[in-house]
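The values are calculated or read from the model by the stated rules, or taken from the named source; none is laboratory data. All values derive from a computational prediction rather than experimental measurement. All Cβ positions, glycine included, derive from the backbone under ideal geometry; neighbour counts span all protein chains shown. Each accessible area value is taken on the protein alone, full model and side chains, heavy atoms only, with ligands, DNA and RNA left out. Shrake-Rupley method; radii C 1.70, N 1.55, O 1.52, S 1.80 Å.
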Amino acid sequence: MCLNTLIVQSQDMYFVNATNGLIIREQPKTNAKRIGKLPYGSLVEVVNKTNVTLQISDQGQQINGEWVKIKFQNYPYLILENNEEYIDNGYVFSAYLEPLEKAKIKTTTLDSLEFFKSYKLSETKIIKIESQQEVEKLLGAKVTWKNVEFYGRQIDKIQLKNEQLLTINQDSFDCSFNAFYPTENILLFEGGHNIDFSINLNTGELTETTGNPGYIIDSPNKTYRLNGWFGGQECSSYFIQKRKNDAYNYLVGFDDITCQIIKFYWLSDTEFLYAVKDYSDASNLKETYMKAQILPL
């Protein structure tokens, strides 16, 4: 499960931005049977817009939207009311969904002379703790662990900053602890084929919007940053995050990159250089040099 649930088409995905989670119902009406609740940061696919409008009051504000049918991944959290039955679709209120992709990246191919004229080696140093015993002690009651048959010591429950409690579905979570990044408050796990799986302990967000902090490279003013995660075998996925207050939020992914960024350098807060190599094609390991700019949609 850790290997198979991370492959999505980001351009079709929506991000759940309801701070305390988004209720899923069996039918597009408020009195329909409640299936469960999707945590903040869940990624879903909208498969049908019903045109059934809905208006609610949230903290004194009137919010308008419609019921939409979604498909979701019931993983790794226990989000269904009836855990005995596997369900991957239902109806939610659209006002608490936002497109995952919020910008675009304009790219230009460079020759090696143009690239190395401006390129400089860069990295962002982030604190990493690899002792699980130390991490359990450090996190205390915010994260609880349990012994699981065949898999050993596993994460069990997470208490988020907003007091929401998330429970891991131990029937499908087969990733092992890898590291904790205290400045980012991110737990990193490893699954089959060495795939990355991460959890943001502030928000509950998962790998596709949290990434592996080891990939992070900050822009000059730390307004943006590169992030990514290893998808198993040879290849990785990459995306840009934008800073908002004290957090970084997913902004846009690299749809054109097939394997590995091997060089990366920020020219400014919105422009950067990168070089890629496609290790999945052993007959062509030539580096490709690119210049990119972050643009609004």
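Rounded to whole numbers, the Karplus 3J(HN,Hα) couplings from phi for the stretch 147-163 are 7, 10, 4, 6, 10, x, 6, 10, 5, 10, 9, 10, 9, 6, 4, 8, 6 Hz, using 6.51 cos²θ - 1.76 cosθ + 1.60 with θ = phi - 60°, and x at Gly and Pro. In order along the stretch 118-124, the Karplus-derived 3J(HN,Hα) couplings, from 6.51 cos²θ - 1.76 cosθ + 1.60 at θ = phi - 60°, round to 10, 5, 9, 5, 9, 7, 10 Hz, and Gly and Pro are given as x. Helix-only arithmetic for the chain: the sum of -39500 (n - 2.57) across DSSP H runs with n ≥ 4, divided by the residue total, places the mean residue ellipticity at 222 nm at -1500 deg cm²/dmol. Scanning the chain for chymotrypsin sites (Phe, Trp or Tyr not before Pro) lying in DSSP loops with no more than 13 further Cβ atoms inside 10 Å, the longest uninterrupted stretch between such sites is 152-297.
Using the Cβ-Cβ distance between Asp88 and Gln170 with R0 = 25 Å, the FRET efficiency computed as 1/(1 + (r/R0)^6) comes to roughly 0.85. A straight Cα-to-Cα reach below 16 Å connects Lys277 with the lysines Lys263, Lys286, Lys291, residues fewer than 8 places away in its own chain not being considered.
The residue among Val276, Ile240, Ile56 whose Cα reaches farthest toward the positive pole of the charge dipole of the chain, with charges on the beta-carbon of Lys, Arg, Asp and Glu, is Ile56.
Computed about its Cα centre, the charge dipole of the chain is approximately 800 debye, with only Lys, Arg, Asp and Glu carrying charge at their Cβ. Residues Thr183, Thr203, Thr209, sorted by accessible area with the largest first, give Thr183, Thr203, Thr209 [1.4 Å probe; ligands and nucleic acids excluded].
Debye-formula intensities of the stretch 56-170, expressed as log10 I(q)/I(0) at q = 0.19, 0.21, 0.22 Å⁻¹, are -1.16, -1.27, -1.33 (one equal scatterer per alpha-carbon, no solvent). Here Glu26 and Lys244 are evaluated by their C-beta separation; at R0 = 35 Å the FRET efficiency comes out at 0.50. For the charge dipole of the stretch 112-185, defined by +1 on Lys and Arg C-beta atoms and -1 on Asp and Glu C-beta atoms about the Cα centroid, which residue among Asn178, Ser122, Asn147 has the Cα displaced farthest towards the positive pole? Farthest along the dipole direction, towards plus: Ser122.
Legend: residues Leu97, Leu121, Leu267, sorted from most to least accessible area (1.4 Å probe; ligands, DNA and RNA excluded), read Leu121, Leu267, Leu97. The modelled label-to-label distance between Thr53 and Glu81, using points 7 Å beyond Cα along the C-beta direction, is 2.8 nm. The simple spin-label model puts a point 7 Å past each Cα toward its Cβ; for Arg153 and Lys128 those points are separated by 1.9 nm. Computed on protein heavy atoms with a 1.4 Å probe, the accessible areas place Leu188, Leu206 in the order Leu206, Leu188, largest first. Glu271 exposes around 60 Å² of accessible area when a 1.4 Å probe is run over every protein chain in place. Longest stretch of the chain clear of exposed loop sites (trypsin sites (Lys or Arg not before Pro), DSSP loop, at most 13 other Cβ atoms within 10 Å, sites excluded): 34-119.
Only lysine pairs 8 or more places apart, or on different chains, with alpha-carbon atoms under 16 angstrom apart are counted in the stretch 68-172, and they number 6. First check a/c for the stretch 146-250, with a ≥ b ≥ c the square roots of the eigenvalues of its C-alpha gyration tensor; if it is under 1.5, answer rounded, and if not, answer prolate when a/b is larger than b/c or oblate otherwise. Taking the square roots of the gyration eigenvalues as a ≥ b ≥ c, the stretch 146-250 is oblate.
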